[in-house]
Amino acid sequence: MTKNFPFFGSVSGQQLGPLEQQLLQEMWTRRSATVRELVEDGKITQAYTTVMTTLDRLYKKRFLDRVAEGRAFRYSPRQTPEELCRGAAVEGIRQLLGSSDESSLPLSYLVEALSAHDAQLLDELQLLVERKRRELKKLE
């Protein structure tokens with residue numbers, strides 16, 4: 001079963017195609033794999049060279065790490081799905097906050113989106129803000 005992640009399609013300005021998404025998902029499941037292991041498994045139906053090229057692209061986009069293993073590479077994810085999702089969310093919020101000279105305007109967009117999605121999220125946001133304020137006061 002493939003879980004859709006909200007950052008697929010655009011992460012830090014990088015587009016991920018369907019095969020890139022599928023391979024990244026498979027790498028999270030396996031933790032590491034070579035091209036041959038992915039192709040021989042049968043879940044990935046593309047040609048060996050297509051998988052090799054796509055994994056190389058994910059490596060160059062900094063989604064995967066790789067180490068030489070004989071004449072091949074063993075690939076592994078650089079981040080967990082949660083870390084990648086967090087990074088994409090933080091980047092999106094940074095872009096939102098930088099989209100206006102008036103700092104309260106983007107915040108009002110965020111509050112509007114939260115309330116439209118789930119009014120309880122506003123209460124959770126308030127608790128998070130209060131917790132962060134207490135943490136910052138301790139640092140003073």
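Axis angle, to the nearest 10 degrees, between helix 81-97 and the longest C-alpha principal axis of the chain: 40 degrees. The residues LEU110, LEU24, when put in order of fewest to most other Cβ atoms within 10 Å, stand as LEU110, LEU24. By the count of other C-beta atoms within 10 Å, a proxy for reagent exposure, ASP101, ASP118 are ordered fewest to most as ASP101, ASP118.
Under 5 Å between amide hydrogens, built in the peptide plane, is the criterion, and for LEU64 it picks out TYR59, ARG78 among residues at least 5 positions away or on other chains. Please report Rg over Rh for region 25-72, where both radii come from the alpha carbon positions and Rh follows the Kirkwood definition. For region 25-72, the value is 0.92. Counting only Cα atoms, region 98-139 measures 32, 28, 10 Å along its principal axes, largest extent leading.
Charge dipole (Cα centre; +1 on Lys/Arg Cβ, -1 on Asp/Glu Cβ; no other charges) of region 18-77 amounts to roughly 220 debye. Between LEU110 and LYS132, full extension at 0.36 nm per residue minus the direct alpha carbon distance yields a gain of 6.2 nm. For the chain, the longest principal axis of the C-alpha atoms and the axis of helix 104-117 are separated by about 70°.
Relative contact order, percent, of the chain when contacts are C-alpha pairs under 8 Å separated by at least 6 residues? RCO, the chain: 20 percent. Look at the dipole of the chain built from charges on Cβ: of PHE63, SER99, PRO81, the Cα furthest out on the positive end belongs to PHE63.
Based on the reciprocal of the average 1/r between different C-alpha atoms, the Kirkwood radius for the chain equals 17.8 Å. A straight line joining the Cα centroids of region 20-57 and region 88-113 runs 36 Å. Distance between the 7 Å Cα→Cβ label points at GLU37 and ALA119: 5.0 nm. Residues ARG71, ARG31 in ascending order of nearby Cβ atoms (within 10 Å, fewest first): ARG71, ARG31. Using the Karplus relation 6.51 cos²θ - 1.76 cosθ + 1.60 with θ = phi - 60°, the per-residue 3J(HN,Hα) values for region 59-71 come to 5, 5, 7, 6, 8, 10, 9, 8, 10, 5, 9, x, 8 Hz, with x marking Gly and Pro.
Put a plus charge on the Cβ of each Lys and Arg, a minus charge on the Cβ of each Asp and Glu, and nothing anywhere else: the dipole of the chain about its Cα centre is then about 620 debye.
Charging the Cβ of each Asp and Glu at -1 and of each Lys and Arg at +1, and nothing else, the dipole of region 44-100 about its Cα centre rounds to 180 debye.
No value in this document is a laboratory result; all are computed from the given coordinates. As the structure is a prediction and not an experimental result, all values here were calculated from the model. All Cβ positions, glycine included, derive from the backbone under ideal geometry; neighbour counts span all protein chains shown.
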